[in-house]
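All remarks here apply to the structure that follows.
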Amino acid sequence: MKSKRYVIVDSKRFFLFMTFLITIIALVMFSIMSMTGAYSMASVEDFEEYWIKQGDTLWEIADRYAPEGYDTRKFIYDIKEHNEMETSMIFQGEKLLIPIVAVVD
């Protein structure tokens, strides 16, 4: 069985097509790589100290301080990260640094 050989008839047109194709692929890849989701629209500006009271939970604290529309689970993660916490256990009398998140629209 013979294999087909392709011949480039117009090299200028082929080069233009390949350039266009590579550009489109690069733009698609760049768009995919730069997608960071809803959380990219927030940045930590400062911290507020919060002293844990009896009966407080990390969820309630995060829900109280999280900006409107900000995922509470993500805010809990931010609190734990900034306080170098390995678990979500908190105790009365501990101090938490609550990140003040600025949401950019």
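The values are calculated or read from the model by the stated rules, or taken from the named source; none is laboratory data. Since the structure is predicted, the reported quantities are computational estimates derived from the model, not experimental observations. A quick note on method: Cβ atoms are made from the backbone with ideal geometry, for glycine too, and the neighbour counts reach across all protein chains shown. The area values use the complete protein model at the heavy-atom level, side chains included, leaving out ligands, DNA and RNA. Shrake-Rupley method; radii C 1.70, N 1.55, O 1.52, S 1.80 Å.
Would it be correct to say that SER88 is modelled with pLDDT under 90, outside any helix (DSSP H, G or I) and among the hydroxyl-bearing types (Ser, Thr, Tyr)?
Details: modelled with pLDDT under 90: yes; outside any helix (DSSP H, G or I): yes; among the hydroxyl-bearing types (Ser, Thr, Tyr): yes.
Yes: the conditions hold for SER88.
Of all the residues in region 66-82, those that are within 13 Å of TYR50 (Cβ to Cβ) and surrounded by fewer than 18 Cβ atoms within 10 Å (Cβ to Cβ) number 1. If the condition is being in a helix (DSSP H, G or I), modelled with pLDDT of 90 or more and open to solvent by less than 60 Å² (accessible area, probe 1.4 Å), then region 27-65 contributes LEU58, ILE61, ALA62.
Every condition in (1) assigned to a loop (DSSP other than H, G, I, E, B); (2) in contact with a Phe, Trp or Tyr (Cβ under 8 Å, 6 or more places away or on another chain) is met by LEU97 except one, and the failing one is (1).
Have a look at SER11, SER3 and point out the one that is at pLDDT below 90, among the hydroxyl-bearing types (Ser, Thr, Tyr) and surrounded by fewer than 10 Cβ atoms within 10 Å (Cβ to Cβ). Working first, answer last.
Values: SER11 fails: at pLDDT below 90.
After applying the criteria, what remains is SER3.
Each residue in region 49-105 was checked for being at positive phi and in contact (Cβ under 8 Å) with a residue 24 or more places away in the chain, and 2 pass.
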